[in-house]
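Engineer: Handing you this structure, nothing more for now.
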Amino acid sequence: MKQLLATSALLYFASIAGAQSARTDRAAVANGESAFMRVGCFTCHGTVGHGGAAPRLAPNTLPLPGFTTWVRNGTPGWTVARGMPAFSASVISDADLADVRAYLASLAPPRPVADIPLLVP
């Protein structure tokens with residue numbers, strides 16, 4: 001009986017932790033999308049991170065340490081025509097960067113070219 005009670009309690013607390021984690025993940029993704037738009041990342045990377053004037057970021061983005069380093073340092077010798085500018089913590093915080101990464105990782109991959117009728121020969 002004690003073992004059943006202990007197992008039930010463990011499962012109950014695990015389910016609460018899972019639900020809180022899911023809420024936190026959804027909040028991070030929502031905040032990440034907001035930060036992505038607010039800072040202007042979408043102007044080069046597209047609204048869903050699938051690229052445009054700049055490379056595709058979603059859904060296979062860099063691990064957080066590399067992602068943060070890339071955003072903070074940008075491309076050395078950056079120009080409007082080439083590379084990425086650096087974004088300091090005064091522009092986007094580390095917490096918001098982590099949420100942007102969560103947003104990008106949550107996105108579905110783009111459709112294959114063969115599935116887009118106007119692009120199929």
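Engineer: So, in the stretch 70-95, how many residues would count as being surrounded by fewer than 14 Cβ atoms within 10 Å (Cβ to Cβ), part of a loop (DSSP other than H, G, I, E, B) and under 16 Å from the mean Cα position of the chain (by Cα)?
Structural biologist: Qualifying residue count, the stretch 70-95: 1.
Engineer: Just name the residue that is surrounded by the fewest Cβ atoms within 10 Å (Cβ to Cβ) out of those in the stretch 96-121 that are under 20 Å from THR43 (Cα atoms) and not hydrophobic (A, V, I, L, M, F, W, C).
Structural biologist: Out of the qualifying residues, it is PRO109.
Engineer: Within the group PHE36, PHE42, PHE67, which residue is touching a residue at least 60 places away in the same chain (Cβ under 8 Å) and either surrounded by 13 or more Cβ atoms within 10 Å (Cβ to Cβ) or of a type in the set (A, V, I, L, M, F, W, C) (or both)?
Structural biologist: PHE36
Engineer: Still on this structure, please answer the following. Any chance you could count how many residues in the stretch 45-61 are open to solvent by 70 Å² or more (accessible area, probe 1.4 Å) and either in contact with a strand residue (DSSP E or B) (Cβ under 9 Å, 6 or more places away or on another chain) or not aliphatic (A, V, I, L, M) (or both)? Let's see the steps before the verdict.
Structural biologist: Going through the stretch 45-61, the residues open to solvent by 70 Å² or more (accessible area, probe 1.4 Å) turn out to be 47, 53, 55-56, 60.
With the extra rule that they be either in contact with a strand residue (DSSP E or B) (Cβ under 9 Å, 6 or more places away or on another chain) or not aliphatic (A, V, I, L, M) (or both), the set shrinks to 47, 55-56, 60.
Qualifying residue count, the stretch 45-61: 4.
Engineer: When you go through VAL48, VAL29 one by one, which is the residue that is within 23 Å of PRO110 (Cα to Cα), assigned to a loop (DSSP other than H, G, I, E, B) and modelled with pLDDT of 90 or more?
Structural biologist: So the residue among VAL48, VAL29 that is within 23 Å of PRO110 (Cα to Cα), assigned to a loop (DSSP other than H, G, I, E, B) and modelled with pLDDT of 90 or more is VAL48.
Engineer: A further question on this structure: With the condition kept exactly as written, say whether any residue in the stretch 1-12 is more than 20 Å from the chain's Cα centre (by Cα) and at pLDDT 50 or above.
Structural biologist: Kept after step one, since they are more than 20 Å from the chain's Cα centre (by Cα), are these residues of the stretch 1-12: 1-12.
Imposing the further condition that a residue be at pLDDT 50 or above reduces the set to 3.
Checked the stretch 1-12: at least one residue is more than 20 Å from the chain's Cα centre (by Cα) and at pLDDT 50 or above.
The values are calculated or read from the model by the stated rules, or taken from the named source; none is laboratory data. These figures come from a predicted structure and were not determined experimentally. With ideal geometry, Cβ positions are generated from the backbone for all residues, glycine too; neighbour counts draw on all protein chains shown. For accessibility, only protein heavy atoms count, side chains too; no ligands or nucleic acids. Shrake-Rupley method; radii C 1.70, N 1.55, O 1.52, S 1.80 Å.
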